[in-house]
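A.B. asks: Please see the structure below; I have some questions.
Every read-out reported here was derived from the displayed coordinates using simple, explicitly stated rules and does not represent laboratory data. If you're wondering where the values come from, they're calculated on a predicted model, not measured in any experiment. So basically every Cβ, Gly included, is an ideal-geometry build from the backbone, and we count neighbours across all protein chains shown.
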Amino acid sequence: MFNKLPLLSLVLAFASACNHTPSAQPEKANPDSGMQNEPGTTVAAGGASAAPATGGQGAGPATTAEMANGGSVAGDGGAPLNDAQIARITQDANDAEVKQGKLARDKAKDPRVKQFAERMVKHHTEAMDKQAKLKLDTSASDVSRKMEQDAESTLSTLKSTSDANFDAQYIADQIKEHQQVLDSIDQQLLPSAKSDPLKSYLKEIRPTVEAHLKSARELQPNLKTAKLPATSNLPSTSNSAATSNSAGMANPPSRQPATH
């Protein structure tokens, strides 16, 4: 019995050695790691975490179009306007001003408005001729399509505007349109233009657009919109009421002829 004890001791010692696993060493703190597993961050060299790129402080991720276009309004599909699309916009803007100017030249009553309209036709025709000499390719975009729709709507409204109100309406439209074109040149067209001839053309027409805007603003306070008759504000039901009254008078109760 005592001879078996050394053998049993060896077996127990061997089993204990097989089941023994080394204790885990405490993880060393890495001051550069920080929140390296935080969602939405990437770990830079040295363990430092970096936030994802955004289009500005507090903004969401910047799109390719925003970064490439400097934040300006983009053309189709969010892509920056190309030179052909820019050329189409300036072409459409000049064409719209010529058409409206010709209408105002004939329909306006105030001599100053007629003179302004004549200047619009002359200057924007010259701008169209200068662009034609550059032989720039043109291509439609969401911006130019919207501009064409607005120009057609404005021209249609001017045609139907009464003679008494036409001068004030035309000048108001000119202020709005020239302000839009000026903002578009500064914020959209010049920042996106690539070719030197197109850039030079935009820089050349910009002062003219600004001068037109100034002239229209100076004219506006001198123009008054004709007042509509007070009866024009009556509800449409007045006509039906009048009709019903007249109908009642037209059909009085029939009377039996007096007998003698």
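A.B. asks: Just add up the charged neighbours of Lys176: K/R +1, D/E -1, any other residue whose Cβ is under 13 Å from the Cβ of Lys176.
C.D. replies: Combined, the nearby Lys, Arg, Asp and Glu give -4.
A.B. asks: Which entries of Lys146/Lys203; Lys109/Lys199; Lys102/Lys224 show an alpha-carbon separation above 28 angstrom in the structure shown?
C.D. replies: The pairs that break the limit, which is 28 Å between Cα atoms, are Lys109/Lys199.
A.B. asks: Can I ask one more? Go through 146-156, 200-210 and give me the packing order, highest mean Cβ count within 10 Å leading.
C.D. replies: 200-210, 146-156
A.B. asks: Now for a different question. Ranked by Cβ crowding within 10 angstrom, fewest neighbours first, how are Leu134, Leu81 ordered?
C.D. replies: Ranked by crowding around the Cβ, least crowded first: Leu134, Leu81.
A.B. asks: Can you list the aspartates and glutamates whose alpha carbon is less than 20 Å from that of Lys122, not counting same-chain residues fewer than 8 positions off?
C.D. replies: Partners found: Asp92, Asp95, Glu97, Asp106, Asp110, Asp167, Asp173, Glu177, Glu204, Glu210, Glu218.
A.B. asks: Magnitude of the Cβ-charge dipole of the stretch 69-221, K/R +1 and D/E -1, about the Cα centre, nearest 20 debye?
C.D. replies: Magnitude of the dipole: close to 360 debye.
A.B. asks: Counting other beta carbons within 10 Å of each Cβ, put Asp173, Asp137, Asp167 in order, fewest first.
C.D. replies: The order, fewest Cβ neighbours first, is Asp137, Asp173, Asp167.
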